[in-house]
Structure formats: structure tokens, C-alpha cells
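All remarks here apply to the structure that follows.
Taken together, the values in this text are just the output of simple stated rules run on the coordinates, not laboratory data. Everything numeric in this text was worked out from a predicted model, so none of it was measured. Neighbour counts run over all protein chains shown; Cβ positions are idealised from the backbone, glycine included.
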């Protein structure tokens, strides 16, 4: 009996293939300058120091670093993460930190703990696609709010919360993937006030706030209302994604305990070696300097991208100029469909992600996500020129 | 609003805390000889070679080993795993292998792909508790079949499959955790025949078959019917669990594709560094020799445990004598409840897991799981004497 005739779960049958994955496949051709990915620059990984501390760990305590570990995470790592979070203005203790296998697992844990079939999730449009993919396993419905220059708008939010069906408000409030937008303090306060009023937890997904180019970011939502926010942080963009080490901060009690149990069912615990390496790396004291280095590098790349866009993009094309993170967002005249345009872009040896991918309910057809952390400055300059040419042609200029 | 009043998912509310976790906490007292855990012996990890290959990786290709990777896994690792599986008589190609974050994630992926609320899972009693914990997220029901010396019995299995509600048959057919029992070839064939007849996939969870003390194991169920079996293998017991590197082999097509998508939503991909390390380790050619070493060590520990049990345990106490794996199973007279006995055992500085923990629907009150891979020979001897004393007292001898 072929497995195509087996009886699969409803969720497995409903799960679409990941659009971005499919897109990345067609953009991976030799010679193509790709702004489609979301990778940190590997040449900036602090590889020498990582090698040193790894060597130390495998000399001094291989038995511990290669053995099973606790579901909550390696206790010393939880301690230093809590210390760092406190320094960044987020009040928490090590007991509230759960080490996860990347922030993707943090999102999955949120889905497991909060979502039943048909539950409502409030989020922005566009929104982070990985979150949708994680949540979709639990088959919720989404209510999305449009974005302006300050991220998710809040008109009508209270009416939605009044329905009593919303389980979580999901946001990437700082330098959001895909659009680079940041929700300013006053709008954060508004959302938090409503969350408190209606007793709805806010999920603050925060991979990018430490990548602020001028060091400025609004107050974390977790700081505004520690008891109402589940916070997700990660080392993937700050250090290296291959470790799959991230953390979730949940209010102590039912919420934290349920997150731990759900993670335990999912993968028992996050890889021990990676946790030990990151802990030892943080102890060297090199982390802040490293962050400064990648902030500078990404800031320079972003500057080149924005400069080239101003110089070469035709009239009618606008874009965000984020002050941090890895992505910016391009909006074209409504006549252009960026999904249809992509094959022509690849022909011209340049690639992006069509913005529609970040609108779970459709929309955003004339938008695109651009990554500036992976390509170097020269590639950015050439790639933007190619895109500009493409836009000129598409607009009949 | 305290988080105890938040609205959680039905699955989160239903999820009990893990009994074994709670038990392990009370058994972790200084001086207690513990047969309760399930850890491989850390002194046997091939740490020196692992350090060497890790050093090489972080010198030669840190950019790749620390970067994001594919959901399916590191392609060269998938290749060598497929080669090994073929050598072990399991026909498969690299394209059918999905690297998972431990076998616990393999079980979670199975749950995601196959189980809806109320779906039936067929398994043995006792059964592996981690599987129940993984599946419970998806809220199935269980039909369990009693075990004899040859593992799960099959009387009534066909009637159950006839209901049309069974989604998977879950088995650890070789040196099962918790009871060390192995299903012999003819019974495997019977189960496979029924699975084929009714089109029900079999999940063959196989962490232990390479830990056979005399090298003999029955034919893998995956080998008997490659198209009907989803196979789970892991490096946790063979190399080291801290990497969290395991693999799932699914028939090509719908089944494999769905497994990949479900894993992608769960954690994007398994940690890259661990995959590179294991790949490079396997390339050294030391693996077979290492396996021989741990087989010998565990076999010796098992022999000591069995010998001591024969020597000291009172009449009326029986136990399995598995020819591989990490666990054996003790059955006491019905008058003894091993859960109630545990605090007295801990007082006597010895610990085990009450067998009831492995009966999701209750039962097994007079049984216990004993681990012989972690304690050394001296500890085993002392610990079994302590247990024997305890049994004597409990039986009024």
C-alpha cells in the first residue's frame, strides 16, 4: 500500500509547503546575487573564540557536555541569559528562562501551550512567516492588522479582543522580519494596556533588538508588563544560528511549567554541547565587542543598500529604512506583482522574497523583502542596480 | 492578571507532569545508587576523537558548521546514515532520511503527521513513556496489548485494526525501554502482515538494536516491509545524547514530505555543529570499535546485575535477562507496590523507576525498571544487595 493512501492527520493534510523554501530553491543559481535569504554573515562568526572554548569544554568536561541535560536548559546558561536580559531592561530570573532549540521551537511551544483548533491569534500583516508555520500545526485562525510606518496598527484591536476568542497577540515589535519596522513606545503601551485589560498574553518575538545600529530601541514590551508577556530571544542572529540555541521567558507558575512540559514532549532538551559552548563564549567577555562588530557591518551594508535604492530605483518605488535588524521592505506601484516578477529577476541574476509570502491571508502583491546582512557591499551595489533596471522595464520606463 | 487564569490549550491543560522526572528528582540524593536513570556511561564517550574532529571542523569550515542548515539534515550525514542502515539490512536511500533533534523529536513528528484527537495508537504495555508524552500532544487514544517474554502479544490485534481507527502501531521491538524484551522474527512478521493487510504504518523505534551483546538481533521490521514502516534511529545511546542527533526513515513521497514540513515548523532544522561533528566522527572509522567497547562494558554490567539478582533476590521475584540495550525489568509478587516502596528504597540509598510509569492506562504496580548502563560494576553489586534487603523486608522474610 503506497503511503499516499495512508491516513494522515488533518494538520498534515492542511499544511502547505513553505513558500520561501520553494523560492530560495529557484534563487540558488550560480551568479545570482540574493537578497532573498535571511542568513547572518558567516565571515563575522567569532569562530576562533568559539573553537577555543569548545576545545576547553571537550578537554575539561566532555562527560557533562555530551550527556543528556535538563529540559529547562543548562542552569549556568540560564543564569547568564537572565543577567543579560536584566541589563537590557527586561526583569526576569533564571527560573523563568527556558532554553529552546532555536526561536522556531519557542514559537512551537507557544502554539502548543495556547492554541486549540479555531483559537484566534492577533498579528500584523505582513508578519513573520515562521510563526505562522509554527502556529498552523495547532490550526488557529488569524486576525491580522495592517501596518503603517510604525508597524502593526491598532484600530479595531479592542473589538477583536472583546470577542473573547483571542489566545495570543503575536508581534515582532523591533526591526520586524520581513519589513524592518519597529513599533514605537506609545503604541506598545496601547497594545499592552489592552492585553492587560482583556487578560491576553502578548508574545514578543525579539531576535533583532540587539542589532540596533544606533543603540536605540523602544522599551521592551516584556519590560512594560512582565506578567503579560512571553518573550522570545535567540543567539541565532547575534552569534550563530547553527547552535540552535534560543530562549523563552515565561511568567513563573502555570505558564512556565506548561512551556517546559510541552518542550519536553517535543525534544526532551536542547543540545547540551551548544549550550555549553555559548555559556563559555559569553564568559570570555567578547560578546559585546562582537555585537558591536556585526552592528557596524550590517549598518554599513544597510547604508549601501538604502543609498543605492535612493540613487537607482525609479519614482513610485518606496522602501523602509530600518535602523537595525537584517531586512528592509520595498513597495512597488500596485501594477507590479513581485511574485510574477521573480523569474525575470532571477534571469537578471538577482533575487528577493515576494512580500505576499508574509501575508497569510493574501495581499502584499506589490511588496518584497530584502536582506542586507548576507551579501557584501559590492554585491549589494550590483544587485540593486540590476533590480532597478528590472523595475524600469516593468514600469515601462 | 496572573497567568494561572490565562486561557491555555486543551492539550496543555490535559498534559500531566512527567512521572519519571518527578521520580528522578527524589532519587538524586548523595549516596543513592541509582538504577532509575537511562543515561549512557559518560566515561565511555569517545571524547578525544570528538574533540579532534570538532577542532578540525571549527578550523576548516566554521562558516558552514555554525550557519543555518537544511530541514532534512546535513546531506553528507544523511548519506553515511543511509549507508550504515543498508549494511544493517535496512534498505533506504539518503533521500528518505530526515535528521531529527533526538528521537524524541522523531516521535513528535510521527504524532504531528499521523494523529488527530481521538485517533488510535496501538502499542504494548509496558511501553516507552517518551513516546506517550510525544503523542499525547496530539490527544490520541491508546489500545495497549499485554507483553509476554517475547514483547507485545498480538491476540486481538486484528480486531483492533478492523475498527479502521488505528493510525499507527508503535513498537520498540528490540531490547525495549523499559523491559528489555525483544519481539522475535515470527511475531514481527505477524504484525507486519496485519499492518500490510489493513494499511496501517508501523513505527519501529530502534535506539538499542546496535547494542546487542552477542551481535544477534531479529530482522528489522523496516527490512521486512520498507514501505510500511517509519523507522527511528539515534546516536544518543551509540555515541552521545548531548548532540541531540537522531534520524527518521520515512517512505518517499507523501509520508517523507509531510515529516519534513512538520519538522520545519517545529525547529527549522537540527543543530548544524552536532551534525558536522557526527559526520566527521563517522568518517574516522572509529565508530565500530567504539560500539564494540560499549557493548562489552554494558554486557559486563548487565551480567553483574543478573548474577547479583540471582544470588540475592528472594524467591518470587523474577526479572528479564535482555541480551542488549540498557534496561531490565523486575516483577515482584503482586502484594508489593513498587511506587509505595520507592521512598523506602531511597532511604536505603538505592533507586529504580516504578513500572507503573510505563503503563499509560494503569497497571504494572508490582514491576520496576532497572538501568545497568550508568552505574559501574561495584555500584551494581552494592545496589542490588540493598534492593534484595528491601524486598526481604517487604515480603516479611
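Given the options A:379, A:52, A:79, state which has the largest fluctuation in a GNM of chain A using a 10 Å cut-off (strictly under) for Cα springs.
A:52
Distances longer than 17 Å among the Cα atoms of the stretch A:151-270: what percent of all pairs is that?
Values: 4335 of 7140 pairs.
The share of Cα pairs beyond 17 Å in the stretch A:151-270 comes to 61 percent.
Over the residues of the stretch A:165-227, compute the C-alpha Rg and express it relative to 2.2 N^0.38 Å. It would help to have the intermediate numbers written out before the result.
Values: Rg = 11.8 Å, N = 63, 2.2 N^0.38 = 10.6 Å.
Relative to the rule-of-thumb radius for its length, the stretch A:165-227 sits at 1.11.
Label the protein assembly as shown by shape, choosing from rounded, prolate and oblate, from the square roots a ≥ b ≥ c of the eigenvalues of the Cα gyration tensor; if a/c is under 1.5 it is rounded, and otherwise prolate applies when a/b is larger than b/c, oblate when it is not.
Details: a/c = 1.76, a/b = 1.75, b/c = 1.01.
It is prolate, given that a/c is not under 1.5 and a/b is the larger ratio.
Using a 7 Å offset from the Cα along the Cα-to-Cβ direction at both residue A:29 and residue A:284, what is the distance between the two label points in nm, to one decimal?
4.1 nm
If the viscosity is 1.002 mPa s and the temperature 20 °C, what Stokes-Einstein diffusion coefficient in µm²/s follows for the stretch B:308-371 when Rh is the Kirkwood radius over Cα pairs? List each step's numbers first, then the result.
Values: Rh = 12.3 Å.
It comes out at roughly 174 µm²/s.
Report for chain B the percent antiparallel among DSSP-assigned beta bridges with both residues inside it, nearest 5.
Values: 20 of 38 bridges.
Taking every DSSP beta bridge with both residues in chain B, the antiparallel ones total about 55 percent.
Given label points at 7 Å from Cα along Cα→Cβ, what nm distances, shortest first, separate residue B:186 from the same residue in every other copy?
Result for residue B:186, in nm, nearest copy first: 8.3.
Every other copy gets compared here: list the nm distances from the residue A:165 label point (7 Å along Cα to Cβ) to its counterparts, shortest first, one decimal.
Ordered by increasing distance: 2.9 nm.
Once you've got the GNM for chain B with C-alpha springs shorter than 10 Å, pick whichever of B:381, B:340, B:95 has the biggest mean-square fluctuation.
Maximum fluctuation in the GNM of chain B, among the listed residues, is at B:340.
So if we plug the beta-carbon distance of residue B:389 and residue A:165 into 1/(1 + (r/R0)^6) with R0 = 56 Å, what FRET efficiency do we get, rounded to 0.05?
Details: r = 60 Å, r/R0 = 1.06.
So the FRET efficiency works out to roughly 0.40.
Taking only C-alpha pairs under 8 Å that are 6+ residues apart, what is the relative contact order of the stretch A:47-284 in percent? Don't skip to the end; give the middle numbers.
On the way: 413 pairs, mean separation 66.4, N = 238.
So the answer I get is 28 percent.
Under Stokes-Einstein, with the Kirkwood radius over Cα pairs standing in for Rh, what whole-number D in µm²/s applies to chain A at 4 °C and 1.567 mPa s? Please report the intermediate quantities before stating the final value.
Numbers: Rh = 22.0 Å.
Roughly 59 µm²/s, to the nearest whole number.
Ranked highest first by average number of other Cβ atoms within 10 Å, how do A:264-270, B:163-169, A:330-336 line up?
Averaged packing, sorted descending, gives the order A:264-270, B:163-169, A:330-336.
Using only the Cα atoms of the stretch A:43-166, what semi-axes does the equivalent ellipsoid have when each is the square root of 5 times a gyration tensor eigenvalue? Give whole Å, largest first.
On the way: eigenvalues 276, 64, 47 Å².
The equivalent ellipsoid of the stretch A:43-166 has semi-axes of 37, 18, 15 Å.
Roughly speaking, what is the centre-to-centre gap between the stretch A:67-95 and the stretch A:123-181 when only Cα atoms are used, to the nearest Å?
27 Å
Which whole number gives the average count of other chain Cβ atoms within 10 Å of the Cβ atoms across peptide B:220-232? Provide the component values of the computation, followed by the final result.
Numbers: counts 0, 0, 0, 0, 0, 1, 0, 3, 3, 0, 2, 0, 0.
If you average over the peptide's residues, the count of other-chain Cβ atoms is 1.
Which whole-number percent gives the relative contact order of chain B, counting Cα pairs below 8 Å spaced six or more residues apart?
Numbers: 706 pairs, mean separation 92.4, N = 397.
Rounded, it is 23 percent for chain B.
What value, in deg cm²/dmol to 500, does the helix sum -39500 (n - 2.57) over DSSP H runs of n ≥ 4 give at 222 nm once divided by the residues of chain B?
Values: 15 runs with 171 residues, N = 397.
For chain B, the value works out to -13000 deg cm²/dmol.
Could you tell me how many cubic angstrom of Cα convex hull volume the stretch B:47-284 has per residue?
Values: hull volume 27.3 nm³, N = 238.
Convex hull of Cα atoms, per residue: 115 Å³.
With just the Cα atoms defining each centre, how far is the stretch B:339-369 from the stretch B:290-324? Give it in Å.
Taking the Cα centre of the stretch B:290-324 as reference, the centre of the stretch B:339-369 is 19 Å away.
Could you work out, residue by residue across B:250-256, how many beta carbons of other chains sit within 10 Å of that residue's beta carbon, and then give the average as an integer? Could you put the intermediate results ahead of the total?
On the way: counts 1, 4, 2, 4, 8, 6, 1.
Mean shielding count: 4.
Could you identify which residue out of B:249, B:33, B:99 has the top mean-square fluctuation in a GNM of chain B using Cα springs shorter than 10 Å?
B:33
Compute the projected area of the convex hull of the Cα atoms of the stretch A:191-334, averaged over all viewing directions, and report it in nm² to one decimal place.
With the hull built on Cα positions only, its mean projection is 12.2 nm².
I need the P(r) histogram for the stretch B:99-141: all alpha carbon pairs, bin width 5 Å from 0 out to the longest distance, whole percents.
Computed distribution, short to long bins: 6, 25, 33, 24, 10, 2.
Calculate the mean, over all residues of peptide B:16-24, of how many other protein chain Cβ atoms lie within 10 angstrom of the residue's Cβ. Write out the running numbers ahead of the final one.
On the way: counts 1, 4, 5, 0, 0, 5, 0, 0, 0.
Mean number of neighbouring Cβ atoms from other chains: 2.
From the square roots a ≥ b ≥ c of the eigenvalues of the alpha-carbon gyration tensor of the stretch A:205-283, which class results: rounded (a/c under 1.5), prolate (a/b over b/c), or oblate? Walk me through the numbers before you get to the answer.
Values: a/c = 2.42, a/b = 1.07, b/c = 2.26.
Oblate, because a/c is 1.5 or more while a/b does not exceed b/c.
Could you give log10 I(q)/I(0) at q = 0.27 Å⁻¹ for the stretch A:268-315, computed by the Debye formula over C-alpha point scatterers of equal weight, without solvent?
-0.93
Using a Förster distance of 60 angstrom, determine the FRET efficiency expected from the C-beta separation of residue B:292 and residue B:117, and round it to 0.05.
Values: r = 46 Å, r/R0 = 0.77.
Given R0 = 60 Å and the Cβ-Cβ separation, E is 0.85.
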